[in-house]
Structures are given as structure tokens and as C-alpha cells.
Amino acid sequence: MVSLLQRSPAQAAFGNLLRTYGLIQRVMRPYFQQYGLSQAQWAILRTLHRAQEEGRKDGLRMGEIGQRLLVQPPSVTTLVRRLVKAGLVSQSAAPTDRRGFDLRLTRKGEALVERVLQVHQDQISRVMGGLGEEDLQTFNGYLEQIHTHLAALAAKTPDSLD
């Protein structure tokens, strides 16, 4: 049995990853709040914006947003309702499925995303500023390895997000 003081390298790395993610959220929360957004709302707005950049004029369905963000659809539904109420996202009946909705940024939503994007790279650079360019490339490589491994595990998990 491993004592609490003798953590394996995997346990130490996992704990550090969780603590780091918590600090990222703590730093990013006020950044998004200045725009009247939560981090999760920004993720949806940015996902819809990327879809527009990809040429998706019809928008995205809730399920597509959930898949892109790796979150369950009920979480997306609640956030989208708030974004619709704020006038940042519009929803219209999907032409091929009357039960579903196509979601798009409104002009107000597009303007907000563009406003955030003007300074967003600086904020990301500030958050990641503890690492140099070479370290960031190495770190990103490790994150990609973990992502690939976890995607394979998730594919075998019964309640995966597929």
C-alpha cells in the first residue's frame, strides 16, 4: 500500500494537473466576467464562431456543440438558454429535424466574440507565460499524448460522449 506521502509519479502529475487547471480557472474567471460571460459560455460562443469560420452558415446543433466541447448535452442546453436570453445566440428549428435547433451567433454575439478575441491571445500568453516557447512545444506534445490516451479510454467507456 502506498502512503499518502509516497505518491507515484502518475499520482503527482495528476494532482499537479488538477491544481493547475483550478488555478487557470481562477485566473480566467474574472477575465471572462468583465465581458459578462462564464468560461463555459465563452466556450460555446467560440465554438459557434469557429463553426462560422469553417463555413457552417446553418450553425450547430446542441449535440454538435457538446461533442466539440466534450460535455454532455444537458450542460449545453442550460448554457445556450442563457446565451439566447442575453441575445448572443439565436436558435431556429432545424429544417431536417423539427425536434432540434440550429444555433448561431447573433450580431451581438459576433461583436462580443470579436471584442474578446482582440485581447484573448494576450491573456493566453499571460496565463502560459511561465513557460518559454520550447517548453510550450514540449508541454503541448505531452498534452497531445495524454489526449490520445484518454480518447482511447473514453471510447471504451460505456457513457462516452459519442
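The values are calculated or read from the model by the stated rules, or taken from the named source; none is laboratory data. Values in this document were obtained by computation on a predicted structure and should not be read as measured data. Quick reminder, even Gly has a Cβ in these numbers, built from the backbone with ideal geometry, and neighbours come from all protein chains shown.
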Legend entry - Selection within region 115-162 - among the small types (Gly, Ala, Ser), in a loop (DSSP other than H, G, I, E, B) and within 18 Å of the chain's Cα centre (by Cα): Ser160
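If you take just the helices (runs of 4 or more DSSP H) that sit entirely in region 1-114, which of them hold at least 2 residues that are among the hydroxyl-bearing types (Ser, Thr, Tyr) and surrounded by 12 or more Cβ atoms within 10 Å (Cβ to Cβ)?
Numbers: elements: 9-33, 39-53, 62-69, 73-85.
Because the criterion is at least 2 residues that are among the hydroxyl-bearing types (Ser, Thr, Tyr) and surrounded by 12 or more Cβ atoms within 10 Å (Cβ to Cβ), the helices (runs of 4 or more DSSP H) in region 1-114 that meet it are 73-85.
Looking at region 68-75, can you tell me whether even one residue there is modelled with pLDDT of 95 or more and either in contact with a Cys (Cβ under 7 Å, 6 or more places away or on another chain) or under 15 Å from Leu37 (Cβ atoms) (or both)?
Filtering region 68-75 down to residues modelled with pLDDT of 95 or more leaves none.
The answer is no, given that none of the residues of region 68-75 is modelled with pLDDT of 95 or more and either in contact with a Cys (Cβ under 7 Å, 6 or more places away or on another chain) or under 15 Å from Leu37 (Cβ atoms) (or both).
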